[in-house]
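A.B. asks: There's a structure below that I have some questions on.
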């Protein structure tokens, strides 16, 4: 769902950029002054954070047409003592699964931005490094028998990417700006590293279940080996 929203945002931004070339559209207030503001305010810096997502960006405006920016993004999802209950009866018997997990994705990118119009719309191309780490520990208890199973694993990944996209950076007269951009990402290498921790149980081994649990980090790792991805950038900041 999140990737679909990002792709939709990218398409809307790209459409807005192409719309800038139409002479039939009335300009947004201050739109025709954007080129002059970019020329007079050479440096910009900003950021934004919401719902576990954080962005930071800074750069230099070489001219009204060309800029370079350094973009950083982090997405963090943490679950502590997430309890899943199956087959619970009125006497509170059933299977209780307690999960602790942490997922962190970071992206660092350098991109060149080309403003073909006098307005705030740009096209971008660049590259960068994405890192991903995930740690998970599960404890499964059967009540009232007291049987339990406990295991942990983690995966890590580092991959380079190339990016291409579009967006806009609107600068107000005060120097305050709003930056929204979207990129399509291409990953040349996508390998993951899996590491398994201790696996303990106080019952006899169920080898089919053990094999399923053993393959869980590999299954999660394959979900992060897509050659393509998407990126959304949101910044609020100041240009000087």
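A.B. asks: If you go through the stretch 187-208 one residue at a time, how many are surrounded by 11 or more Cβ atoms within 10 Å (Cβ to Cβ) and free of Cβ contacts under 8 Å to residues at least 24 places away in the same chain?
C.D. replies: Adding up the residues that qualify gives 1.
A.B. asks: So is residue 124 over 30 Å from residue 235 (Cα atoms) and in contact (Cβ under 8 Å) with a residue 12 or more places away in the chain or not?
C.D. replies: Taking the combined requirement at face value, the residue does not satisfy it.
A.B. asks: Can you name the residue in the stretch 215-231 that is surrounded by 15 or more Cβ atoms within 10 Å (Cβ to Cβ) and not in a strand (DSSP E or B) and is also nearest to the chain's Cα centre (by Cα) among such residues? Break it down stepwise before answering.
C.D. replies: Taking the stretch 215-231 as the starting set, the residues that turn out to be surrounded by 15 or more Cβ atoms within 10 Å (Cβ to Cβ) are 216-217, 220-221, 224, 229-231.
Still in the running and not in a strand (DSSP E or B): 216-217, 220-221, 224.
Values: 216: 22, 217: 20, 220: 17, 221: 16, 224: 12 Å.
Looking at the filtered set, the residue picked out is 224.
A.B. asks: Among the listed residues 161, 176, identify the single one that is surrounded by fewer than 15 Cβ atoms within 10 Å (Cβ to Cβ) and at pLDDT 95 or above. Break it down stepwise before answering.
C.D. replies: On the way: 161 fails: surrounded by fewer than 15 Cβ atoms within 10 Å (Cβ to Cβ).
That would be 176, the only listed residue that is surrounded by fewer than 15 Cβ atoms within 10 Å (Cβ to Cβ) and at pLDDT 95 or above.
A.B. asks: Just to be sure I understand, how many residues within the stretch 36-59 are without any contact (Cβ under 8 Å) to a residue 40 or more places away in the chain and farther than 20 Å from residue 234 by Cβ?
C.D. replies: 3
A.B. asks: While we're here: Return the total of residues in the stretch 29-65 being closer than 12 Å to residue 118 by Cα and surrounded by 13 or more Cβ atoms within 10 Å (Cβ to Cβ).
C.D. replies: Matching residues across the stretch 29-65 total 10.
A.B. asks: May I pose another question? When you look at residue 198, is it in a strand (DSSP E or B) and modelled with pLDDT of 95 or more, yes or no?
C.D. replies: no
A.B. asks: Residues in the stretch 175-184: is at least one assigned to a loop (DSSP other than H, G, I, E, B), within 27 Å of the chain's Cα centre (by Cα) and over 30 Å from residue 36 (Cβ atoms)? Please lay out each step first, then the result.
C.D. replies: Residues of the stretch 175-184 assigned to a loop (DSSP other than H, G, I, E, B): 175.
Subset that is within 27 Å of the chain's Cα centre (by Cα): none.
No - not one qualifying residue is present in the stretch 175-184.
The values are calculated or read from the model by the stated rules, or taken from the named source; none is laboratory data. Computed from a prediction, not measured in an experiment: that's the story for all the values here. We place every Cβ from the backbone using ideal geometry, glycine too, and count neighbours over all the protein chains shown.
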